[in-house]
1. From E21, E42, grab the single residue that is of a type in the set (D, E), at pLDDT 95 or above and either loosely packed, with under 13 Cβ neighbours inside 10 Å or under 24 Å from T2 (Cα atoms) (or both).
2. Across the range 1-40, what is the number of residues that are of a type in the set (S, T, Y) and either assigned to a helix (DSSP H, G or I) or more than 29 Å from K55 (Cβ to Cβ) (or both)?
3. Suppose we filter the range 10-26 for residues that are free of Cβ contacts under 8 Å to residues at least 40 places away in the same chain and under 8 Å from the mean Cα position of the chain (by Cα); how many remain?
4. Considering each of D29, D61, D4, D54 in turn, give the residue that is charged (D, E, K, R) and at pLDDT 95 or above.
5. Need pairs with beta-carbon distance below 9 Å; first residue without any contact (Cβ under 8 Å) to a residue 40 or more places away in the chain and within the range 36-54, second of a type in the set (S, T, N, Q) and loosely packed, with under 14 Cβ neighbours inside 10 Å; sequence gap 6+ or separate chains.
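The values are calculated or read from the model by the stated rules, or taken from the named source; none is laboratory data. Computed from a predicted model, the values in this text were never measured in an experiment. Note: ideal-geometry Cβ built from the backbone for every residue, glycine included; neighbour counts use all protein chains shown.
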Amino acid sequence: MTIDKDRVQGSLKQAGGAVKENVGAAVGDKKMEAEGAAQRAEGKIQNAAGGVKDKAREVLDKH
């Protein structure tokens, strides 16, 4: 079974967003912190969309 590219890209966005958010918090840059949180949220959504695609593919492959 292959993993949908949105799951991979979403996970990378989540990780990058978390790093950006933490660096922003550490240096007191509220804008960077907010951008990181937004990027992390976007990655979560993209990852979830990829999961739905994977599940749909799995169901279709069984039939």
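1. E42
2. Summing the residues that are of a type in the set (S, T, Y) and either assigned to a helix (DSSP H, G or I) or more than 29 Å from K55 (Cβ to Cβ) (or both) in the range 1-40 gives 1.
3. Number satisfying all stated conditions: 5.
4. D29
5. G36/N22
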